[in-house]
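To start, the structure under review is shown below, and the notes come after it.
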There are 2 protein chains.
Amino acid sequence: MSFDRLIKGIIKTQNPTVAGLDPKLDFLPDYIKEEAFAKYGKNLEGAAEALFEFNKGLIDALYDIVPAVKPQAAYYEMYGWYGVRTLQKTIEYAKSKGMFVITDGKRNDIGTTMQAYANAHLGTTEVEGERFEAFGSDALTVNGYLGTDGVKPVVDVCKENDKGLFILIKTSNPSSGELQDRILDDNLTIYRTMGDMCEKWGEELKGESLYSGVGAVVGATYPEQLGELRKALPHTFFLVPGYGAQGGGAKDVAPAFDENGLGAIINSSRGIMCAWKKEEGLNPKEYAQAARREAIRMRDEIVSYIGEIKG
Amino acid sequence: MSFDRLIKGIIKTQNPTVAGLDPKLDFLPDYIKEEAFAKYGKNLEGAAEALFEFNKGLIDALYDIVPAVKPQAAYYEMYGWYGVRTLQKTIEYAKSKGMFVITDGKRNDIGTTMQAYANAHLGTTEVEGERFEAFGSDALTVNGYLGTDGVKPVVDVCKENDKGLFILIKTSNPSSGELQDRILDDNLTIYRTMGDMCEKWGEELKGESLYSGVGAVVGATYPEQLGELRKALPHTFFLVPGYGAQGGGAKDVAPAFDENGLGAIINSSRGIMCAWKKEEGLNPKEYAQAARREAIRMRDEIVSYIGEIKG
């Protein structure tokens, strides 16, 4: 139940990070693109096939040292249904290597529609009495603006299928405060109010650990709020974007963790995917090894702040 | 620019409604399912192909009297990438019949990621210097919880491609008030604050009409707020869900319109899609004709409250 599987992976690898798989064509070595374009054409299909090859290489290089991947749905939808097929194949491949997969889709709706999203990404879909996995991810990011009607259907699917969700609380972008930092009439911020709702929703998804299956997205770019929320939300596991390219460093994300080094997973996307571009003279065919080196550097940097991760 | 094309369609058909295409397998006549399953198997692919046939029949029966369709992404994602392919084919087919297509995806993210969603659904994707339409819809629903960083990229893509967006303000579900009705420290509700942001964002997407290309989603189930927001947001076009199955009636949605009968489009999904189940003794092969009859009934009911729609 809940995030127990994710937490086990973090402890096993002693690595509280997740590799974001948000591949743009620009991030790919030419040889991968050329091969795919030759086979499928210079079009959405060719691009989508190139992305899958790239992801596969990254997963092969990372699965024993990084516990999770986080594909961002937008970068797959860009390539139409071909791209969405690559998303599905990427999830399947990462799971076959034992990784925990978080689909970053920020989905939101109500009632049976939200249930459809939850079944799509975390559960199963019934066709004539038989059930099929559409995407089969382990966790999904969710936008909670619609309230309980938009979250409860996901919690129910998570309960049945041993999955989890992360609700957006305080996002990493500069303008996140326009709404999220506004003060309500009880003197709490909107992001804190959303956080309190996560604690409440999480009561239905308790696992073996302290943390429920209802996590929260809190940006690395707001270290003060990270610390505030860690104290205020003791059962809410954090997914922390904004490390690296967006400006957050290891010191900034340290407040997201509890005294056991648990309670958060830090995402890096471009830092890992584009590491090969930063190593001078590197053969592009070794892009995945460069990603592995960056993942190890990031792990060591973060662990130097939080120490050994204890179960 | 903006919603001018949608508004022209509404005036031409004298019908301010949109047919929601949220097809569940249960909504389909058996003969469509049987044919698709025989050809593609009783699986996600067979289901997705059946949904497309069903949609096609509905579009054929509605395109001359209903100006727009609104496919809900969740019901397609449920069937994996096969379902997403049906979404793309449905959009293409509806556009070929001259309908305005609103993809109800409630997408949200920031910066280049939000740009990827906008390109996916409303713009084009570049592959080696050539640009391809991934989904090619006319408008997209967007969740604005992340602030301007999450909306500006969509506005930019809309500007370039003559498209529009609808931001969630006050949703139709019972628990929408948990967050959206909360009062901020300036005594305004969150939904009103989000509405004011729509007016501001809309300044960049002005068209020929009074209304900008940044619309808002306001539920039919909250008629009082509909009226309040119509007055407060004179340049914001409303997409109104919740009519019919969710309990809103024609009287409830009347306050969404201005004195010219413009300013809003009312969605009906189940009411239209499942009309054939309510006509006793109907041959299921005539499901689309039943949908047409219900669409005409709905149009006449709404127009009886708002009168002639003037350009």
- Query: When averaged across all projection directions, what area in nm² does the alpha-carbon convex hull of the protein assembly as shown cover?
  - Reply: 25.8
- Message: Amide H of B:Phe100 versus every other amide H placed in the peptide plane: which residues, excluding those fewer than 5 positions away on the same chain, fall under 5 Å?
- Response: B:Ala68, B:Val69
- Relative contact order in percent for chain B (Cα pairs under 8 Å, 6+ apart) equals 19
- Note on the structure: Flagged as over-length at 26 Å C-alpha distance, from A:Lys70/A:Lys97; A:Lys278/B:Lys106; A:Lys152/B:Lys56, the pairs are A:Lys278/B:Lys106; A:Lys152/B:Lys56
- Across the range A:261-277, in residue order, what do the Karplus-derived ³J(HN,Hα) couplings come to in whole Hz, using 6.51 cos²θ - 1.76 cosθ + 1.60 with θ = phi - 60° and x for Gly and Pro? x, 10, x, 7, 9, 9, 8, 10, 10, 4, x, 7, 5, 9, 4, 4, 6
- Enumerate the amide H contacts of B:Ser2 below 5 Å, restricted to partners 5 or more residues apart or on another chain; note that Pro and chain-start residues carry no placed amide H. B:Lys163
- Query: Sorted from shortest, what are the nm distances separating the label point of A:Gly311 from equivalent points in the other copies, each placed 7 Å from Cα along Cα to C-beta?
  - Reply: 7.1
- Query: How are the Cα pair distances of chain B distributed, in percent, across 20 Å bins from 0?
  - Reply: 34, 58, 8, 0
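Once you keep just the Cα pairs under 8 angstrom separated by 6 or more residues, what percentage relative contact order results for the range B:72-168?
So the answer I get is 27 percent.
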- Note on the structure: Going residue by residue through the range B:56-68, the Karplus relation 6.51 cos²θ - 1.76 cosθ + 1.60 with θ = phi - 60° gives ³J(HN,Hα) values, rounded to whole Hz and with x marking Gly or Pro, of 4, x, 5, 4, 4, 7, 10, 4, 8, 10, 10, x, 8
- Note on the structure: Within the under-10-Å Cβ sphere about A:Tyr93, not counting A:Tyr93, Lys/Arg +1 and Asp/Glu -1 give a net charge of +2
- Put a point 7 Å out from Cα along the line to Cβ at A:Glu203; what are the distances to that point in the other copies, in nm, shortest first? 4.5
- Note, ³J(HN,Hα) from phi for the range B:303-308, Karplus 6.51, -1.76, 1.60, rounded to Hz, x at Gly and Pro: 5, 5, 8, 10, x, 5
- Query: Hey, what's the per residue convex hull volume over the C-alpha atoms of the range A:157-311, in cubic angstrom?
  - Reply: 131
- Message: Amide H of A:Gly20 versus every other amide H placed in the peptide plane: which residues, excluding those fewer than 5 positions away on the same chain, fall under 5 Å?
- Response: A:Lys70, A:Ser268, A:Ser269
- Note on the structure: Inter-copy distances for B:Asp181, nm, shortest first, label points 7 Å along Cα→Cβ, are 2.9
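Bear in mind that the values in this text are calculations on the coordinates, not laboratory data. None of the values given here were measured: they were computed from a predicted structure. When we count neighbours, we look across all protein chains shown, and the Cβ atoms used for this are built from the backbone with ideal geometry, even at glycine.
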